[in-house]
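Engineer: My questions will all concern the structure given below.
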């Protein structure tokens, strides 16, 4: 079973802080990590491979330093990695990113399953997985919390707002996974050694036969016109007194504001 | 396509340096220098520069004939023939946008024959036209038949704006349609406006877990599509006397689209009120110490008609099902009132609830980060405070 996992390198948001003077994100010293949901995607792929055999290939689109995310993936035990990197990809929105990843997968060739994280923690869009599936003309199941494979059929447990759906479909298909699906493994010592000496395959726009007007800023229907920090939540108030007094004050305030 | 610093305008003030998500900007000889290997042309620095010294150079892209596209569409998501509340919210907001552009507000309703009666309601809530697509295969949402039917309708009728709720269904569907018809799609918007001059839809959304906001436009592609976060906009008020047109759309289901089958739907009986829809949420965190103590949370929630939420720690520990989880890994919520009980307020949790109108935090640790976003904070023992608060609220609410 050939599985392709699409990942993204993101800044570790737990460390993102706002500079109160300039009201901007403090980026210094923020390390780049594999998007946490993509770690679940890698883990899901590795578990399926370990059970059914086959190969896991991890791909990412990004600047040259995104190779580090692929090295981390090698340390986790994936079989192959590809970095697609080109100045021409810069400024890509989710449409152009989906097109670029789909073109990369076409170049790789045969596959049974594509797995992505449900969304990236920097953009939070959840749009790229379905986009890749559409460009490749294969079905999708988003927000998977369980995956089983039986005789080429997939059985997927899908986590919705209030319910779970059990879905059956044939491969090839594209799945996005939620955090709850598994606990990602730690890199092994052997894996780390392998990652250190690994040479990362790198493809550019030409290598994947991408059409020039479908990639990067030019291929992106959407563009950012303004970025700003949301106004700080003003006037937090710590209540004082005994438990009963604090509760009385709180209930009065909530009743005054007609919320309960 | 590139980016450049206009040297004559740059004064080396360094404002752009911390804004860059990829640390691509350095100051050399009092001028900003952008490392093109690191830059992703994200657009953050041009808007941070007070001297208009950074510009993104975008060659003109072949535009679609935008004059052919008009009217605003709202996708009327339905589950078991009940239209999702977010669609009514979108009709409220869509009305304002439609009035501003002087165009019609339309809605798209898919389902089996029993869904047709909902069309009248949608007209009362503001739709001028309701496009109804009926087929047994459309009764329950699945990605491909819905994508094909709606994409074909968009190609035929050419709306200039299409709005979806940012629900699991809306996000699954809109992404697929956008890729199919080459449209721009902005995810999880919390603000929509029409630019006075260009008449473009300005879509504002949080990114980096709500740490920054971005306004996004779609200049040359049509339609302009957005998914919009539930509970951000007010529901439209119904006007039963309002007239509208119901248009039945001929449906042809492609057999290839039916290869994905929903074989079972498992209901979670612990979910009494859907978190994303709740006006009030009471959430429990690690501070409640044991799974049975969720009873305290449930009792408080019940008294004020709220939904029960939970932090990731409690879900991971198996104390409660993941349908209750609030935060980056779980759900993003913005109720009128959010009561956080025994939740320290990790940034991932805050990302999921900090846009709530009023936040009450109850925690014994005065340094817990939750107090930084709390409207009202109570430092104390939740095992004393919560039962007393429940009793008090029961009393005053009669």
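FYI, it's all coordinate maths here, none of it is from the lab. Source: prediction; values computed, not measured. When we count neighbours, we look across all protein chains shown, and the Cβ atoms used for this are built from the backbone with ideal geometry, even at glycine.
Engineer: Among DSSP bridges having both ends in chain B, what percentage is antiparallel? Round to the nearest 5.
Structural biologist: Of all bridge pairs located within chain B, approximately 30 percent are antiparallel.
Engineer: Take A:186, B:225 and order them by how many other Cβ atoms sit within 10 Å, fewest up front.
Structural biologist: A:186, B:225
Engineer: Under the classification rounded if a/c is under 1.5, otherwise prolate if a/b is larger than b/c and oblate if not, where does chain B fall, given a ≥ b ≥ c as square roots of the Cα gyration tensor eigenvalues?
Structural biologist: Cα axes put chain B in the oblate bin.
Engineer: Give the separation of the Cα centroids, region A:198-225 to region B:24-41, in Å.
Structural biologist: 21 Å
Engineer: Also: Is there a simple number for the mean count of other chain Cβ atoms within 10 Å of the Cβ of residues in B:304-314, and what is it? Spell out each step's value before the answer.
Structural biologist: Working: counts 3, 1, 1, 0, 0, 0, 0, 0, 2, 0, 0.
Taking the mean over all residues of the peptide, I get 1.
Engineer: Where the centroid of each part is defined by its Cα atoms, how far is region B:124-170 from region A:45-111 in Å?
Structural biologist: Taking the Cα centre of each part, region B:124-170 and region A:45-111 sit 33 Å apart.
Engineer: Shifting gears a bit: Can you sort B:240, A:226 by how many other beta carbons sit within 10 Å, fewest first?
Structural biologist: Working: B:240 8, A:226 16.
Neighbour counts put them in this order, fewest first: B:240, A:226.
Engineer: For A:254-260, what's the mean count of beta carbons from other chains sitting within 10 Å of each residue's beta carbon?
Structural biologist: 6
Engineer: Hey, what D do you get for region A:2-214 in µm²/s if you plug the Kirkwood alpha-carbon radius into Stokes-Einstein at 10 °C and 1.306 mPa s?
Structural biologist: On the way: Rh = 17.6 Å.
Taking Rh from Cα pairs, D becomes 90 µm²/s.
Engineer: Given axes a ≥ b ≥ c from the Cα gyration tensor, I'd like to know whether region B:125-182 is rounded (a/c under 1.5), prolate (a/b larger than b/c) or oblate.
Structural biologist: Because its axes are fairly even, with a/c under 1.5, region B:125-182 counts as rounded.
Engineer: Another question about this same structure. Would you work out the relative contact order for chain A, in percent, from Cα pairs under 8 angstrom that are 6 or more residues apart?
Structural biologist: 23 percent
Engineer: Please give the calculated 222 nm ellipticity per residue for the protein assembly as shown, where each DSSP H segment of at least 4 residues contributes -39500 (n - 2.57) and the sum is spread over every residue; nearest 500 deg cm²/dmol?
Structural biologist: Mean residue ellipticity at 222 nm (helix-derived): -8000 deg cm²/dmol.
Engineer: What list do you get for B:198, B:329 if you sort them by fewest beta carbons within 10 Å?
Structural biologist: Lowest count first: B:198, B:329.
Engineer: Cα atoms only, region B:275-397: Rg and Dmax in Å?
Structural biologist: When restricted to the Cα atoms of region B:275-397, Rg and Dmax are 12.6, 36 Å.
Engineer: Continuing with this model, one more query. So if we plug the beta-carbon distance of residue B:286 and residue A:65 into 1/(1 + (r/R0)^6) with R0 = 41 Å, what FRET efficiency do we get, rounded to 0.05?
Structural biologist: Details: r = 36 Å, r/R0 = 0.87.
Efficiency, from the Cβ-Cβ distance: 0.70.
Engineer: Cα-based Rg (one decimal) and Dmax (whole number) for region B:66-258, in Å?
Structural biologist: Taking only Cα atoms of region B:66-258, I get Rg and Dmax of 15.5, 45 Å.
Engineer: Relative to the present Cα-Cα distance, how much length would full extension add between residue A:170 and residue A:226 at 0.36 nm per residue of separation? Don't jump to the answer; show the numbers that get you there.
Structural biologist: Working: separation 56, 0.36 × 56 = 20.16 nm, distance 4.29 nm.
Fully extending the segment from residue A:170 to residue A:226 adds 15.9 nm.
Engineer: For a quick protection proxy, order the peptides B:332-344, A:55-67 by their average other-Cβ count within 10 Å, most packed first.
Structural biologist: B:332-344, A:55-67
Engineer: Could you work out which residue, out of B:384, B:160, B:277, moves most in a Gaussian network model of chain B, that is, has the largest mean-square fluctuation with Cα springs under 10 Å?
Structural biologist: Result for chain B, Cα springs under 10 Å: B:384 fluctuates most.
Engineer: Still on this structure, please answer the following. Shape verdict for the protein assembly as shown, please, from the Cα gyration tensor: rounded (a/c under 1.5), prolate (a/b greater than b/c) or oblate.
Structural biologist: Numbers: a/c = 1.27, a/b = 1.14, b/c = 1.11.
It comes out rounded by the Cα gyration axes.
Engineer: Let me ask you something else. Looking at chain B as a GNM with Cα springs under 10 Å, which of B:70, B:158, B:199 has the largest mean-square fluctuation?
Structural biologist: B:199
Engineer: Let me ask another. Let me know the mean shielding of A:144-156 by other chains, meaning the per-residue number of their Cβ atoms within 10 Å of its Cβ. Please report the intermediate quantities before stating the final value.
Structural biologist: Details: counts 0, 1, 0, 0, 0, 0, 0, 0, 0, 0, 1, 2, 1.
Per residue, the number of nearby Cβ atoms from other chains is 0 on average.
Engineer: Taking chain B as a Gaussian network, where each spring joins two C-alpha atoms under 10 Å apart, which residue of B:241, B:113, B:311 fluctuates the most?
Structural biologist: The residue with the greatest mean-square fluctuation here is B:241.
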